[in-house]
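The values are calculated or read from the model by the stated rules, or taken from the named source; none is laboratory data. Predicted model, so just to flag it, every value in this text is computed and none were measured. As a convention, Cβ positions derive from the backbone with ideal geometry for all residues, glycine included, and neighbour counts pool all protein chains shown. Note: areas computed on protein heavy atoms with side chains; ligands, DNA, RNA excluded. Shrake-Rupley method; radii C 1.70, N 1.55, O 1.52, S 1.80 Å.
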Amino acid sequence: VQAGRMTIDDVITKSAITMGTLMAVAALTFLFLPPALLMPAAIVGALVSFGVVMLVSFRRQINPAFVLAYAAIEGVFIGAISKVFENLYNGIVPAAVLGTIVAAATTLAAYKFFRIKVTNKFRRMVMIGTIAYAGVLFVNFILSLFGINLLFGTGTSIGLLLLFSAIGVGLAVFNLILDFDFIEQGVAMGADASQSWRAAFGLTVTMVWLYIEILRLLSYFRR
C-alpha cells in the first residue's frame, strides 16, 4: 500500500535536505579540519561514501538514513579535497562551484526546452561509459597506493589530462539527464513517495561528480 505519490515538490524538498547536509558538513570540514588530516579524510571519505553509494544503489527499498549518511560522509570528502585544491590554487573552489551550478542549470534547460528523450540505448551507453570510467579511476587509485599514477601523475601530458577530465564532465552531464528523466517519469507514473529520496540521492551523487570533474579541470588551466 502506497503512503503517497512522488511529486516534484517532494523531490525538491528531499534534494534540498540531502545537498544541504552535504554542504554543511563540507563547509565545516573545509574551515576547521587541520591541514595534516585533509588527505586522509579525503581518501577515507571517498572510499566510505563509495561503499554507501553501492549499498543504496542496489537496495530495492530506499532508506533515507543511508541517503543522509552518504551526504554527511561525502561532505567530509568534498570539504577536505576542496581545501587541498584551494591551498594549491587560490580561488579555484568558488569558480568550481559556480561552474557546477551553471553546467547543471544549462543541462536542465536543454533537457526541458529541447525535450531530450532518454531512450534505452542512450541509457545503456551512459551506464556502460560510467562503469568503464569508474573502473579506470579505481584501478588508477589502487596503483597510486603503490606509487604508480598513470592518469594524474606529474609526468602525465596536459592533453591527456584535459581529455580525460572532459570525458568525465560529459559523462556527469549525461547522468544528470538520466536523473532528470527518472524524476519526470516517476512523477508521471505516480511512483511511491519514497522514490523522491532515490531521486534526491541520484542528483546529489551526480552533482558531486560534476563538481569534482570541474574542480580538476580548472586546476589544469591553473598550472
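Miscellaneous remarks
- Unique match (being closer than 24 Å to Ile101 by Cβ, in a helix (DSSP H, G or I) and open to solvent by 60 Å² or more (accessible area, probe 1.4 Å)) among Ile17, Ile73, Ile43, Ile78: Ile17
- Residues in segment 118-147 that are modelled with pLDDT under 85, aliphatic (A, V, I, L, M) and open to solvent by less than 80 Å² (accessible area, probe 1.4 Å): Ile142, Leu143.
- Residue in segment 152-196 that is most open to solvent (accessible area, probe 1.4 Å), counting only those that are farther than 14 Å from Tyr220 by Cα and free of Cβ contacts under 8 Å to residues at least 12 places away in the same chain: Met189
- Filter result for Val118 (within 30 Å of Arg5 (Cβ to Cβ), β-branched (Val, Ile, Thr) and part of a helix (DSSP H, G or I)): no
- Residue within segment 197-209 that is open to solvent by 50 Å² or more (accessible area, probe 1.4 Å), without any contact (Cβ under 8 Å) to a residue 40 or more places away in the chain and assigned to a helix (DSSP H, G or I) present: no
- Residue that is aromatic (Phe, Trp, Tyr) and open to solvent by less than 30 Å² (accessible area, probe 1.4 Å), where the choices are Tyr89, Tyr111: Tyr111
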